[in-house]
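Participant: Please find one structure pasted underneath; my questions will follow.
The values are calculated or read from the model by the stated rules, or taken from the named source; none is laboratory data. Since we're looking at a predicted model, the values are computed, not measured. All Cβ positions, glycine included, derive from the backbone under ideal geometry; neighbour counts span all protein chains shown. In case anyone asks, the SASA skips ligands and DNA or RNA and just uses the protein heavy atoms, side chains included. Shrake-Rupley method; radii C 1.70, N 1.55, O 1.52, S 1.80 Å.
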Amino acid sequence: MKILALSDQECPWLWDYLDRRRLREIDLILSCGDLKPQYLSFIVTFARAPLLYVHGNHDDRYAVTPPEGCICVENRIYTHQGVRILGLGGSARYKPDGKHQYTQREMNRRVLRRRWELMRSKGFDILLAHAPALDLNDGDDPCHTGFDAFNGLMDKYKPRYFVHGHMHMTYGQDIPRLSTYGETQVINAYESYIFEY
């Protein structure tokens, strides 16, 4: 299965200079958040694949204009062709009233609420999130701190992939596209990245 992951920045070869052939072999599209709803709706119109998304910390606009034709997998496990995707969007809380922002404790509670679903599905294969995991390619500032709940999920369930955004690769040269955590391949989906499952 060929998967296109997107996050944070619209990709020119999908938005400005779209050639439909570039989407022809894509079987699944994953959005890690902070993308215009119109952009996601545009892409899914030309793709033969479903587009699953979670919220980024700047996605308040989805409440008014949701991405049409796309599937929100926030706070649930979605199965596509036998691949189980757990969606947990949002970032670390940096504003008292910020939507799609969570403290470490709040994210731990979100994960705890999934325990029965995780037991029924016998885990998951892809963790789809906006923020990175704690101390794994995250930032030093309050906004870009990762979640320790994600480390715990990878320790316990050993998913094949953890796909996140939030850490723009333009922030500095030390932000990796790919890394590994135990048995999990970690992918920073900034702009776009294609991988095989």
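Participant: What pairs come up if the first residue lies in the stretch 33-62 and is without any contact (Cβ under 8 Å) to a residue 24 or more places away in the chain, the second is assigned to a helix (DSSP H, G or I) and open to solvent by 30 Å² or more (accessible area, probe 1.4 Å), and their beta carbons are under 8 Å apart, counting only those six or more places apart or on different chains?
Facilitator: none
Participant: Considering only the stretch 34-65, how many residues are over 16 Å from the mean Cα position of the chain (by Cα), crowded, with 20+ Cβ neighbours inside 10 Å and in a helix (DSSP H, G or I)?
Facilitator: Within the stretch 34-65, residues that are over 16 Å from the mean Cα position of the chain (by Cα), crowded, with 20+ Cβ neighbours inside 10 Å and in a helix (DSSP H, G or I) number 2.
Participant: In the stretch 66-81, is there at least one residue being part of a helix (DSSP H, G or I) and under 23 Å from Ser7 (Cα atoms)?
Facilitator: No; the residues of the stretch 66-81 include none that is part of a helix (DSSP H, G or I) and under 23 Å from Ser7 (Cα atoms).
Participant: Can you name the residue in the stretch 127-146 that is over 24 Å from Phe195 (Cα atoms) and either in a helix (DSSP H, G or I) or hydrophobic (A, V, I, L, M, F, W, C) (or both) and, of all such residues, is most open to solvent (accessible area, probe 1.4 Å)?
Facilitator: Only one residue fits best here, namely Pro142.
Participant: Can you confirm whether the stretch 78-92 contains a residue that is under 18 Å from Ser121 (Cβ atoms), under 13 Å from the mean Cα position of the chain (by Cα), buried (at least 23 other Cβ atoms within 10 Å of the Cβ) and of a type in the set (Val, Ile, Thr)?
Facilitator: Scanning the stretch 78-92 turns up at least one residue that is under 18 Å from Ser121 (Cβ atoms), under 13 Å from the mean Cα position of the chain (by Cα), buried (at least 23 other Cβ atoms within 10 Å of the Cβ) and of a type in the set (Val, Ile, Thr).
Participant: Where the second residue is surrounded by 21 or more Cβ atoms within 10 Å (Cβ to Cβ) and among the hydrophobic types (A, V, I, L, M, F, W, C) and the first is at pLDDT below 95 and lies in the stretch 1-21, which pairs have Cβ atoms under 6 Å and are six or more apart or on separate chains?
Facilitator: Pairs that qualify, where the first residue is at pLDDT below 95 and the partner is surrounded by 21 or more Cβ atoms within 10 Å (Cβ to Cβ) and among the hydrophobic types (A, V, I, L, M, F, W, C), are Leu14/Ile43.
Participant: Specify the residue that is nearest to Leu118 (Cα to Cα); the eligible residues are those in the stretch 147-191 that are in a strand (DSSP E or B), of a type in the set (S, T, N, Q) and open to solvent by 20 Å² or more (accessible area, probe 1.4 Å).
Facilitator: Gln185
Participant: Among (1) modelled with pLDDT of 95 or more; (2) closer than 16 Å to Tyr197 by Cβ, which single condition is Glu25 missing?
Facilitator: With (1) modelled with pLDDT of 95 or more; (2) closer than 16 Å to Tyr197 by Cβ applied to Glu25, the lone miss is (1).
Participant: In the stretch 152-197, what residues are in contact with a Phe, Trp or Tyr (Cβ under 9 Å, 6 or more places away or on another chain), over 19 Å from Val73 (Cβ atoms) and aliphatic (A, V, I, L, M)?
Facilitator: Met167, Met169, Ile175, Leu178
Participant: Condition first: without any contact (Cβ under 8 Å) to a residue 12 or more places away in the chain, open to solvent by 10 Å² or more (accessible area, probe 1.4 Å), under 18 Å from Gln101 (Cβ atoms) and out of contact with any strand residue (DSSP E or B) (no Cβ under 8 Å at 6 or more places or on another chain). Can you find one or more residues in the stretch 118-126 that meet it?
Facilitator: No, the conditions are met nowhere in the stretch 118-126.
Participant: Moving to a separate point now. Give the stretch 19-33 a look and list any residue that's surrounded by fewer than 22 Cβ atoms within 10 Å (Cβ to Cβ) and aliphatic (A, V, I, L, M), or say none.
Facilitator: Leu23, Ile26, Leu28
Participant: Being at pLDDT 95 or above and not β-branched (Val, Ile, Thr): is that true of Tyr94 here?
Facilitator: So Tyr94 fails the test.
Participant: List every residue pair whose Cβ atoms sit under 6 Å apart, with the two residues 6 or more apart in sequence or on different chains, where the first one lies in the stretch 173-185 and is of a type in the set (D, E, K, R) and the second, anywhere, is at pLDDT 90 or above and in a loop (DSSP other than H, G, I, E, B).
Facilitator: Sorted first by the residue in the stretch 173-185, then by its partner, the pairs are Glu183/Lys158.
Participant: On the basis of being on the phi < 0 side of the Ramachandran plot, of a type in the set (A, V, I, L, M) and in contact (Cβ under 8 Å) with a residue 40 or more places away in the chain, does Leu86 make the cut?
Facilitator: Against the criterion (on the phi < 0 side of the Ramachandran plot, of a type in the set (A, V, I, L, M) and in contact (Cβ under 8 Å) with a residue 40 or more places away in the chain), Leu86 qualifies.
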